[in-house]
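What follows draws every value from the coordinates through simple rules; no lab data is involved. Model, not experiment: these values are computed from the prediction. Cβ atoms come from the backbone with ideal geometry, glycine included; neighbour counts cover every protein chain shown.
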Amino acid sequence: MKVPFLDLKTQYESIKPDIQKEINDVLDNTAYICGKKVKAFEDELAKLHSSKYCLGTSSGTDSLHLAYWALGIGISSQIEHGRLKEEMDEVIVPVNTYIATTETISIIGAKPVFIDHEEDSFNIDPGKIEEKITSHTKAIVVVHLYGQPANMDPILKIAKENNLIVIEDCSQAHNAEYKGKKVGTFGSVGTFSFYPGKNLGAYGEAGAVITNNEELYEKMLRFRQHGAVVRYIHDNEGHNYRMEELQGAVLNVKIKHIDKWTNGRRYVAQIYRELLRDVEEVKVPMEMPYAKHVYHLFEIRVPNREDLANYLKEKGIDTGLHYPMPLHLQKAYKYRGYKEGDFPVAEKCCKEILSIPVFPEMTDEQIEYVAGSIKSYYSKC
Ligand SMILES: Cc1ncc(COP(=O)(O)O)c(C=O)c1O
């Protein structure tokens, strides 16, 4: 049996007539950028995450860049405010995330300061944040990794006590909840990616930012279009972070299915949990008591990870690595002088994790086949 890592084709087939109608509408209307479909999607995403404001953007990476800049972090914003400071702003960020979260901090002219993660949740360890706060610390970026919300209460408390901005990278956590409330508005701004493989995926590049702060929204709206609300009248420099209308149209169809698809992912996770319960070698991901996990990824921790992945590949099952190397050991951050041993939890987990297929269209047979194959691998060891 073949089990792909995810199956975008089957999902497309299930919504094909609606998608085609919406795409044809865009083509007929010839409004290709930030038109009515994008606006309708922004309203839906804001509603889903109980946020006052939402802006569609060109990608999750651009959403982060836009948010940091508009929040006044780094050299770029100092230029926007007509001044230049000597010292670099510092931004606290988990070491276990996709590089988009951190490279955008460097790009705006600030310094990412890594924090190790909790072993159980894979998310930033609130207990390790305070020791990294200096007089230059400006913000904490929380990433709700793999679809599990980070432990927001202690993070928000530290942020309040130290006057720090909080940004949530929700790129892997559409529809996820912390203590019954959707992620994205615990801090000043929540950012999203709609990369095609995400829980809510476009048919190309797309992203969004959400906020309850009107002033910040107005600023991000300006920045999204070269510092202009009125065309060709530029209050400041900005960038092009606009969302394509075709992506707005696709996302507006897909967002109507997000609850069903989230439940589908949670169902797969629950069955995996039951079927793998007795396999001593396999640690399934924990769902923290405060979290509604949306299983963008299902990370198991196992011995002989590479060998297991090869075995599954031979059986027709695709797997992934998220991520093969923690950020502090990547060549991109060599200049910072980090070394092996600096973030022991991330380093240990990184050697053991394996992402197994999880997507809402998975059949019971596929779920059982994956779990059964993992079981049969360890029974032979
Ligand atoms: C945690 C996280 N942040 C940011 C991004 C960047 O999103 P995009 O690929 O849409 O630029 C991703 C995408 O994989 C992500 O997983």
Karplus-derived 3J(HN,Hα) from phi for the range 306-317 (6.51 cos²θ - 1.76 cosθ + 1.60, θ = phi - 60°), whole Hz, x at Gly and Pro, runs 5, 5, 4, 4, 5, 4, 5, 4, 4, 8, x, 10
With 0.36 nm assigned to each residue of separation and the Cα-Cα distance removed, H136 to N236 gains 33.5 nm
quick shape note, the range 1-128: Cα extents on principal axes in Å, largest first -> 55, 47, 26
DSSP beta bridges in the range 154-243: the antiparallel percent, rounded to 5, is 75
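Report, as a whole number in µm² per second, the diffusion coefficient that Stokes-Einstein gives for the range 72-231 at 10 °C and 1.306 mPa s using the Kirkwood radius over alpha carbon pairs.
On the way: Rh = 16.4 Å.
In µm²/s, the coefficient is 97.
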Env charge @ M152, Cβ radius under 15 Å, K,R +1 / D,E -1, value -1
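Efficiency by 1/(1 + (r/R0)^6): what FRET value for N263 and E13, r their Cβ-Cβ distance, R0 = 22 Å, to the nearest 0.05? Numbers along the way, then the final one.
Numbers: r = 19 Å, r/R0 = 0.88.
About 0.70, to the nearest 0.05.
Which value, to two decimals, describes the C-alpha radius of gyration of the range 119-165 once divided by 2.2 N^0.38 Å? Before the final figure, lay out the partial values.
Details: Rg = 10.8 Å, N = 47, 2.2 N^0.38 = 9.5 Å.
Output field value: 1.14.
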Placing one equal point scatterer on each C-alpha of the chain and summing with Debye, one gets log10 I(q)/I(0) at q = 0.07, 0.12, 0.13, 0.15 Å⁻¹ equal to -0.32, -0.93, -1.08, -1.37
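Report the extension gain between Y290 and M88 in nm, rounded to one decimal, defined as 0.36 nm multiplied by the number of residues separating them, less their alpha carbon distance. Don't jump to the answer; show the numbers that get you there.
Numbers: separation 202, 0.36 × 202 = 72.72 nm, distance 3.49 nm.
My answer for the length gained is 69.2 nm.
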Straight-line reach check, K334, cutoff 15 Å on alpha carbons, 8 or more apart in-chain or any other chain, hits among aspartates and glutamates -> E103, D342
So for R0 = 30 Å, FRET eff. of Y32-N213 from the Cβ-Cβ r, to 0.05, ends up at 0.55
Sorted by chain and then number, the residues having a modelled amide H within less than 5 Å of the amide H of V3, at least 5 places away or on another chain, are I317, D318
With the 8 Å Cα cutoff and a minimum separation of six or more residues, the chain has a relative contact order in percent of 22
Amide H neighbours of Q330 at under 5 Å, excluding residues fewer than 5 places away on the same chain, with H built from the backbone geometry, are none
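Of the listed peptides 351-358, 334-341, what is their order by residue-averaged count of other C-beta atoms within 10 Å, with the highest listed first? Walk me through the numbers on the way to the answer.
Working: 351-358: 20.6, 334-341: 9.9.
Descending mean neighbour count gives 351-358, 334-341.
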To the nearest 20 debye, the chain has a Cα-centred charge dipole, built from +1 on Lys and Arg Cβ and -1 on Asp and Glu Cβ, of 320
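Can you give the % of DSSP beta bridges in the chain that are antiparallel, to the nearest 5?
Numbers: 24 of 41 bridges.
Once the DSSP bridges in the chain are tallied, antiparallel ones form about 60 percent.
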If each part is reduced to its alpha-carbon centroid, the range 142-183 and the range 248-274 end up apart, in Å, by 21
If one builds a Gaussian network model of the chain from Cα atoms under 10 Å apart, the most fluctuating residue listed among S50, S171, S135 is S135
Taking a straight Cα-to-Cα line shorter than 26 Å from K339, and setting aside same-chain lysines fewer than 8 residues away, one finds K111, K128, K132, K138, K331, K348, K351
Phi-derived 3J(HN,Hα) across the range 33-49 with the Karplus relation (6.51, -1.76, 1.60, θ = phi - 60°), rounded Hz, x for Gly and Pro, is 10, 6, x, 5, 5, 4, 4, 4, 5, 4, 5, 5, 5, 4, 5, 4, 9
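On full extension of the chain, what length is gained from K52 through I107, given 0.36 nm per residue of separation minus the C-alpha to C-alpha distance? Provide the component values of the computation, followed by the final result.
On the way: separation 55, 0.36 × 55 = 19.80 nm, distance 2.83 nm.
Full-extension gain reported as 17.0 nm.
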Note on the range 31-165, DSSP bridge orientation, antiparallel percent to nearest 5 equals 10
Taking a straight Cα-to-Cα line shorter than 19 Å from K182, and setting aside same-chain lysines fewer than 8 residues away, one finds K47, K52, K157, K198, K254, K256, K260, K292
